[in-house]
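Accompanying notes for the structure given below.
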Amino acid sequence: MLYFESKSFARACRIALVAGALWSSTSPAMAQGAAPALDPSAADTLRAALGGAYIERRVPLVLTSGARCELRLWLQPDHIQHAERIADAAREALDQYSAWFSPYPYDQLTIVDVPWQSPDQERRIPGVVTIRARWLQPERSLTLEAQVAGGIARQWWGTLVAMPDRYLADGLAEYAQSRTLERIFDRRHQRINYSLLETRWFGGLVPWAIRAARLDRQTSGLNRAAYRRQPGVDLRDNSEAVRPAQAAKSAAAVTTLERYLGWPALQRGLSAAARRYAGETMTAAMFFETLNDAADRDLSWFADQAFAPASTYDYAVAGLTSVADETGACGKGPCYRTTVVLRRLGEAVFSGTSLAPVGPFESGRAVEIEVRFADGQRSDDHWDGRAAEKTLVYHAPAPATWARIDPARTLLLDINRLNNARTLTPPSPAATLPWTVRWTTWLQDLLLSSAVYF
Amino acid sequence: MSIFRTWASGVRRVFWAPAVVAGLYLLTLVIAAPLGAWLQRSLPAPEILQVVDANDPPAPDVDWLDEVSLHVPGLTRFLTPAVIGVAAPLGHLDAILDGSLPPLPLLAPIAVFFICWTAVWGGVIERLAQERRIGMAAAAAASRRSMGRLLILGLAGVVAYLVLYLTVHTVMFGPLYEWLIAGTIERTAFAWRVVLAVVFGALLLVIGQVFDFAKLAIVLGRTSVRQAVADSVMLLRERWLSVIVLLGFNGLALAVLLGGYAASEFIPGGSVPSLGRLIVGGQALILGRLLLRLVLAGAQVDLYLRTRENRPVS
């Protein structure tokens, strides 16, 4: 299909935001800078450099805002069956990012499907996104859509807004694609997930989407596994080997902000940054400065820690005891003294404020603690997370059953969630038994498969 | 038609030998279950402490699993999403074609299984050949009689496979594959890989059949290892088409079994089944795979016996 240009098309994709809850494009403080010029021959040059045969598809997109944009797909001949999926993901991404960040500045977007054997190479070309589609792509595994949405997010973070801090550009793109994919999965499969887990066999040529393994955007969607394996990754390291871990850490930091500030506040900050620095260079410091303005609070306590070289977060419930108390602290009736020991195992602090503590008084309450008691009562407490250890003591008519730190999983940068809870009642095996059953069956099958050799 | 009768004879021989099936099934369970229990003990409770209804369990938390395999020592290192559903058997079949070894510590249970399997295989063949109850004593005697030679043959087989993987597989799926797919599209690469897999799979099967029929010659023909291999090669040269068709039947049956297992994930509640359904479904797969292995052995016994009967006495 061909899209015919018209005069009104000249201002295509200059979108006025329609969602009232979102940061308005007419906000006086947010005058948008000029976007880098679109080079009409850039995509052709890239295609010629990549070589190989391409099939071209042109899809006219009309975004929710009414803006129009021409999507050009240059796909490998054996990937042409994915054209609809790619266009759908591109439409969703352009729609969402235009609403969240700032209007897409060009009237054209070209998606180039890089030949599958070409070496990985980053390209930041205005209006051009490169993806690496695969011949076989399971419907419920959205790895293809993730590439499209991530690539389009880089049109804002790294292209429209030049960003010398690579980790931040990658992190924002990862974060943005995770949100977009959740919407796509929800729309297609009526389920709030990021994707199904995809595994590949036969030299990586045959994929299989594991139906039971539904991925969550705030963990797998941000590639937390990469961060978990290199929690102390230096964000200033420019080698390609650490890039996935850097991106995952940055994305987890942005998602932590989303959970701590709330999406509206974070979205205001992202929108402000995209508009203020359009066509200009934005450092990490400038980004957080803008975020501070938009959220109307000082977030340097977080930025300094989260983006410090090789910083790691790890909070743990190190101890939980409940003993009968004979001192009468609870008045009449039974009384139990419950002691919860909290520990900060990482060097990074999640305090909630930059203000220093005064004397014995804490400053900040970002770390939440939840303690449950046998009679159903519950206590919610806060901690500034600064000290290496903190002990909480409760007197209650019933013993504690369990204690949890960061129960809402706000701090996605915490590298070990397994030590975030302790229980005094033996945990039911029902939660882990399915894994044991699966693994035992897997091992039996491994034995039988090995029997082909003897 | 006669080869179908051979395969049907294999089915019949296994059908009338439930103790053999039960014994070998229990062998897999006896080796795997204690390790499973060890794994269960080392698995931490999920962070979200919750009441879990065994009939409506939550979907597997892949991120939690990743965290566990990273932070908790022991068998949890080998607990990955690849254990879920049909990904498990497909992954194992892929590993055979890909030449990838299981994690090194898991070679220990495989070695135990190899020794136990070899130890009882003489009795199993004797039982399948007799087509009637032979009693524990006779089965044990057959096992004892042939165990040493079967063990030597088994070890020779392991060496043969190692040589095959280290030479032919390395060349085929290394430089040759890279050369074939250079500059091609993915679909063409897939076609080339299928061709290479068929060739390599055929080599694997040829070696497998040589050793399978050699085992029959050791147990039923009471020959030496060297003579057994020679007899096996001769049988394969005479009856190669029958053997191919037999393997085809078994391959088809395996595809149906795996297809059924995969399809069970698509029925309502199938992707995250209840604990009971998980156990029943998984063990049905194991039993099915074991039955297919035994049916092939039964059919091979039938083919071996008929070939021996028809061979003129020299």
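Taking only region A:401-414 into account, find how many residues are within 9 Å of another protein chain (Cβ to nearest Cβ) and either within 16 Å of B:Trp64 (Cβ to Cβ) or buried (at least 24 other Cβ atoms within 10 Å of the Cβ) (or both). Break it down stepwise before answering.
Of the residues in region A:401-414, the ones within 9 Å of another protein chain (Cβ to nearest Cβ) are A:401-402, A:404, A:407, A:409.
Pick out the ones that are also either within 16 Å of B:Trp64 (Cβ to Cβ) or buried (at least 24 other Cβ atoms within 10 Å of the Cβ) (or both) and you get A:404, A:407, A:409.
Of the residues in region A:401-414, 3 are within 9 Å of another protein chain (Cβ to nearest Cβ) and either within 16 Å of B:Trp64 (Cβ to Cβ) or buried (at least 24 other Cβ atoms within 10 Å of the Cβ) (or both).
Across region A:106-131, which residue is farthest from A:Ser195 (Cα to Cα) among those that are touching a strand residue (DSSP E or B) at 6+ places or on another chain (Cβ under 7 Å) and not hydrophobic (A, V, I, L, M, F, W, C)? Working first, answer last.
Filtering region A:106-131 down to residues touching a strand residue (DSSP E or B) at 6+ places or on another chain (Cβ under 7 Å) leaves A:107-114, A:123, A:127-131.
Filter again for not hydrophobic (A, V, I, L, M, F, W, C), leaving A:107-108, A:110, A:113, A:123, A:127, A:130.
Numbers: A:Asp107: 30, A:Gln108: 28, A:Thr110: 25, A:Asp113: 21, A:Arg123: 26, A:Gly127: 27, A:Thr130: 21 Å.
This residue is A:Asp107.
What are the residues in region B:260-273 that are crowded, with 16+ Cβ neighbours inside 10 Å and out of contact with any Lys or Arg (no Cβ under 7 Å at 6 or more places or on another chain), if any?
Residues of region B:260-273 that are crowded, with 16+ Cβ neighbours inside 10 Å, as a first pass: B:261-262, B:264-265, B:270-273.
Hits for region B:260-273 are B:Tyr261, B:Ala262, B:Ser264, B:Gly270, B:Val272, B:Pro273.
So is A:Glu198 over 24 Å from A:Leu160 (Cβ atoms), in contact with a Phe, Trp or Tyr (Cβ under 9 Å, 6 or more places away or on another chain), among the acidic types (Asp, Glu) and surrounded by fewer than 24 Cβ atoms within 10 Å (Cβ to Cβ) or not?
Details: over 24 Å from A:Leu160 (Cβ atoms): yes; in contact with a Phe, Trp or Tyr (Cβ under 9 Å, 6 or more places away or on another chain): yes; among the acidic types (Asp, Glu): yes; surrounded by fewer than 24 Cβ atoms within 10 Å (Cβ to Cβ): yes.
Taking the combined requirement at face value, the residue satisfies it.
Condition check ((1) within 13 Å of chain A (Cβ to nearest Cβ); (2) more than 30 Å from B:Arg237 (Cα to Cα); (3) of a type outside the set (Gly, Ala, Ser)) across all residues:
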{"residue": "B:Ser264", "(1), (2), (3)": "yes, yes, no"}
{"residue": "B:Pro268", "(1), (2), (3)": "yes, yes, yes"}
{"residue": "B:Leu275", "(1), (2), (3)": "yes, yes, yes"}
{"residue": "B:Gln283", "(1), (2), (3)": "yes, yes, yes"}
{"residue": "B:Ile286", "(1), (2), (3)": "yes, yes, yes"}
{"residue": "B:Arg289", "(1), (2), (3)": "yes, no, yes"}
{"residue": "B:Leu296", "(1), (2), (3)": "yes, no, yes"}
{"residue": "B:Asp302", "(1), (2), (3)": "no, no, yes"}
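Checked against the criterion of being under 26 Å from A:Tyr227 (Cβ atoms), modelled with pLDDT under 95, part of a helix (DSSP H, G or I) and of a type in the set (Asp, Glu), region B:28-49 contains not a single residue that satisfies it. Here's a check for you: in region B:75-100, which residue that is outside any helix (DSSP H, G or I) and touching a Phe, Trp or Tyr at 6+ places or on another chain (Cβ under 7 Å) is farthest from the other protein chains (Cβ to nearest Cβ)? By that ranking, first place goes to B:Gly99.
Here the condition is being in contact with a helix residue (DSSP H, G or I) (Cβ under 7 Å, 6 or more places away or on another chain), surrounded by 20 or more Cβ atoms within 10 Å (Cβ to Cβ) and under 29 Å from B:Val72 (Cβ atoms); of A:Leu266, A:Leu235, A:Leu257, A:Leu270, it holds for A:Leu235 alone.
Contact map, region B:59-82: residues that are under 21 Å from A:Asn193 (Cβ atoms) and of a type in the set (Lys, Arg) paired with residues that are modelled with pLDDT of 90 or more and crowded, with 21+ Cβ neighbours inside 10 Å, Cβ distance under 6 Å, separation 6+ or inter-chain. No pairs are found. Consider region A:417-452 and keep the residues that are within 7 Å of chain B (Cβ to nearest Cβ), without any contact (Cβ under 8 Å) to a residue 12 or more places away in the chain and not in a helix (DSSP H, G or I). The one that is nearest to B:Arg277 (Cα to Cα) is A:Thr432. Only residues that are assigned to a strand (DSSP E or B) and at the interface with another protein chain (Cβ under 7 Å from one of its Cβ atoms) were counted across region A:192-213, and they come to 8. Candidates in region B:209-227 are the residues that are without any contact (Cβ under 8 Å) to a residue 40 or more places away in the chain and not polar (S, T, N, Q); of these, the one that is surrounded by the most Cβ atoms within 10 Å (Cβ to Cβ) is B:Val210.
This table checks each residue for (1) modelled with pLDDT of 95 or more; (2) farther than 11 Å from A:Ile152 by Cα; (3) part of a strand (DSSP E or B); (4) not small (Gly, Ala, Ser).
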| residue | (1), (2), (3), (4) |
| --- | --- |
| A:Thr64 | no, yes, no, yes |
| A:Leu71 | yes, yes, yes, yes |
| A:Asp78 | no, yes, no, yes |
| A:Ala83 | yes, yes, no, no |
| A:Ile86 | yes, yes, no, yes |
| A:Arg91 | yes, no, no, yes |
| A:Leu94 | yes, no, no, yes |
| A:Tyr97 | yes, no, no, yes |
| A:Tyr106 | no, yes, no, yes |
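Among the residues of region B:305-314, not a single one is touching a Gly at 6+ places or on another chain (Cβ under 9 Å) and buried (at least 17 other Cβ atoms within 10 Å of the Cβ).
The sole residue among B:Val86, B:Val72 that is closer than 30 Å to B:Arg12 by Cβ and of a type in the set (A, V, I, L, M) is B:Val86. Take the conditions (1) under 27 Å from B:Ser9 (Cα atoms); (2) in contact with a Phe, Trp or Tyr (Cβ under 8 Å, 6 or more places away or on another chain); B:His169 misses just one of them, which is (1).
The condition (being under 21 Å from B:Val120 (Cβ atoms) and surrounded by fewer than 19 Cβ atoms within 10 Å (Cβ to Cβ)) is satisfied by just one residue among B:Ala140, B:Ala202: B:Ala140. What is the residue count in region A:83-133 for residues that are charged (D, E, K, R) and surrounded by 24 or more Cβ atoms within 10 Å (Cβ to Cβ)? So the answer is 1.
Consider B:Arg187 carefully, then state whether it is exposed (fewer than 14 other Cβ atoms within 10 Å of the Cβ) and of a type in the set (D, E, K, R). Talk me through it step by step, then tell me what you get.
Working: exposed (fewer than 14 other Cβ atoms within 10 Å of the Cβ): no; of a type in the set (D, E, K, R): yes.
Here the answer is no, as B:Arg187 does not meet what is asked.
Listed here are the residues, each with its yes/no results for (1) at the interface with another protein chain (Cβ under 10 Å from one of its Cβ atoms); (2) among the small types (Gly, Ala, Ser); (3) more than 27 Å from B:Val86 (Cα to Cα).
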residue	(1), (2), (3)
B:Gly154	yes, yes, yes
B:Leu166	no, no, yes
B:Leu196	yes, no, no
B:Phe200	no, no, no
B:Phe211	yes, no, yes
B:Val219	no, no, yes
B:Trp240	no, no, yes
B:Val243	no, no, yes
B:Ala255	no, yes, no
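Looking at B:Thr167, B:Thr118, just one residue is exposed (fewer than 13 other Cβ atoms within 10 Å of the Cβ), of a type in the set (Ser, Thr, Tyr) and without any contact (Cβ under 8 Å) to a residue 40 or more places away in the chain, and that residue is B:Thr167. Would you check if B:Pro103 is facing chain A (nearest Cβ under 7 Å) and on the phi < 0 side of the Ramachandran plot? The answer is no for B:Pro103.
Condition check: within 26 Å of A:Ala212 (Cβ to Cβ) and either touching a Gly at 6+ places or on another chain (Cβ under 6 Å) or at pLDDT 95 or above (or both). Does B:Ile125 satisfy that?
Details: within 26 Å of A:Ala212 (Cβ to Cβ): no; either touching a Gly at 6+ places or on another chain (Cβ under 6 Å) or at pLDDT 95 or above (or both): yes.
So B:Ile125 fails the test.
Pairs are defined by a Cβ separation below 7 Å, a sequence spacing of at least 6 or placement on different chains, a first member in region A:112-135 that is in contact (Cβ under 8 Å) with a residue 40 or more places away in the chain, and a second member that is of a type in the set (Val, Ile, Thr) and surrounded by fewer than 20 Cβ atoms within 10 Å (Cβ to Cβ); no pair meets this definition.
Look at (1) farther than 25 Å from A:Trp100 by Cβ; (2) surrounded by 18 or more Cβ atoms within 10 Å (Cβ to Cβ) and you find that A:Leu142 fails only one, number (1). Scanning region A:136-159 turns up at least one residue that is of a type in the set (A, V, I, L, M, F, W, C) and in a strand (DSSP E or B).
The values are calculated or read from the model by the stated rules, or taken from the named source; none is laboratory data. What you see is a predicted model; the values in this text were computed from it and never measured. Backbone-built Cβ (ideal geometry, glycine too); neighbour counts: all protein chains shown.
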